[in-house]
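Asks: What follows is a single structure, and I will ask about it in a moment.
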Amino acid sequence: MTFASTAAQSPAASPAVVLTIAGSEATGGAGAQADLKTFQELGVFGIANLTCIVSFDPNHSWNHRFMPVDQQVIAHQLEATTAAYGPASGAPSVLDTVKIGMLGSPDTIATVAGSLAANGFRNVVLDPVLICKGQEPGHALDTDQALKAQILPLATFVTPNHFEAESLSGLAITDVESLKAAAIRIHELSGATVLAKGGVRLAGPDAVDVYYDGETLEVLSAPKVGEVAVSGAGCSLAAAVTAELAKGATPLEAARTAKGFVTAGIRNRVSSGAPFDALWQGGPR
Ligand code: PXL
């Protein structure tokens, strides 16, 4: 049997197509799985190219066990995806919006940076996953430096959490004012639109994020749902921004929609035998 495309699939009916270049997190809370679920909920056609497989270790404090995908296999995934949906593919919806999640090693960063540079995507949303629990500090430091040097300059939108915003900006973040200063600094360094997440890390009744695009500075705020971070919140936020940008939202609209989506997903979180809950992307339904 063949599956040829048909004239019945008019370009107008084609969903926006988005790609996440991310790791698998085996329990389904974070990583590529969270991205794909978010894409589906927000009505875009999601594609995942895997960079690594993370399996938490229930016998060692649920630390990350990290296995990179072979570089050639990462390159093959990117080749297949861009041939099918890239500008030269003839696809009704051209893939012009990409999310970058966990890359995990300097080699993977070089492979992905090469593909990003070659494809000239309109939107590159970077969730700058810096340190993975369970990785050697030396290894993680190399990865941080490579991410800052090779991927950050290619990003158009970046979504650092509290720790990542401190690392990228070089500033200590203790309150909303210092989160604003960090967002401005990261924009100056990268040129990207920044959504810096305070989350549960800043004191107070609200989960506060700061949006800055070089002109508009906006504080996005929602009442905290508990005081403990939920798995998949960061991935889902960046994925929601990606989906909205692909559908044509402005960066500020995309940030606002993403914040609402993640807040609803945290309210409807899923518990398990792991010591952390997972965001449920179906929550808003
Ligand atoms: O939430 C960050 C993250 C991203 N990607 C993968 C992960 C995690 C955290 O566990 O495992 C694959």
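Asks: When residue 74 is evaluated against the numbered criteria (1) in a loop (DSSP other than H, G, I, E, B); (2) over 20 Å from residue 242 (Cα atoms); (3) modelled with pLDDT of 95 or more, which criterion, by number, is the only one it fails?
Replies: The one condition residue 74 does not meet is (1).
Asks: Here is a follow-up. Select from region 17-35 the residues that are surrounded by fewer than 24 Cβ atoms within 10 Å (Cβ to Cβ) and either within 10 Å of the ligand (Cβ to nearest atom) or not in a strand (DSSP E or B) (or both) and list them in ascending order.
Replies: 24, 26, 27, 28, 33
Asks: Pairs under 6 Å by beta carbon, first residue at positive phi in region 221-234, partner within 16 Å of the ligand (Cβ to nearest atom) and of a type in the set (Gly, Ala, Ser), six or more apart or different chains?
Replies: 232/29; 232/30; 232/34; 232/278
Asks: Residues that are within 26 Å of residue 19 (Cα to Cα), β-branched (Val, Ile, Thr) and open to solvent by 20 Å² or more (accessible area, probe 1.4 Å): does region 176-194 have at least one?
Replies: No, every residue in region 176-194 fails to be within 26 Å of residue 19 (Cα to Cα), β-branched (Val, Ile, Thr) and open to solvent by 20 Å² or more (accessible area, probe 1.4 Å).
Asks: On the basis of being open to solvent by less than 60 Å² (accessible area, probe 1.4 Å) and within 16 Å of the ligand (Cβ to nearest atom), does residue 234 make the cut?
Replies: Here the answer is yes, as residue 234 does meet what is asked.
Asks: Take the residues in region 78-101 that are in a helix (DSSP H, G or I) and open to solvent by 40 Å² or more (accessible area, probe 1.4 Å); name whichever of them is farthest from the ligand (Cβ to nearest atom).
Replies: Ranking the candidates gives 83 first.
Asks: Just checking, does region 58-66 include any residue being polar (S, T, N, Q) and assigned to a helix (DSSP H, G or I)?
Replies: No, that holds for no residue.
Asks: Here's a check for you: in region 200-231, which residue that is under 17 Å from residue 157 (Cα atoms) and of a type in the set (A, V, I, L, M) is farthest from the ligand (Cβ to nearest atom)?
Replies: Step by step, filter region 200-231, then rank; the result is 217.
Asks: For a quick check of your reading of the model, give me the residue pairs whose first member lies in region 83-95 and is under 16 Å from residue 117 (Cα atoms), whose second is outside any loop (DSSP other than H, G, I, E, B) and of a type outside the set (Ser, Thr, Tyr), with beta-carbon atoms closer than 7 Å and at least 6 apart or on different chains.
Replies: Here the result reads 86/119; 95/17; 95/19, each pair linking region 83-95 to a residue that is outside any loop (DSSP other than H, G, I, E, B) and of a type outside the set (Ser, Thr, Tyr).
Asks: Is one or more of the residues making up region 113-133 within 16 Å of the ligand (Cβ to nearest atom), assigned to a helix (DSSP H, G or I) and buried (at least 19 other Cβ atoms within 10 Å of the Cβ)?
Replies: no
The values are calculated or read from the model by the stated rules, or taken from the named source; none is laboratory data. None of the values given here were measured: they were computed from a predicted structure. Virtual Cβ from ideal backbone geometry, glycine too; neighbours counted across all protein chains shown. When the accessible area is computed, the model is the full protein with side chains, heavy atoms only, and any ligands, DNA or RNA have been set aside. Shrake-Rupley method; radii C 1.70, N 1.55, O 1.52, S 1.80 Å.
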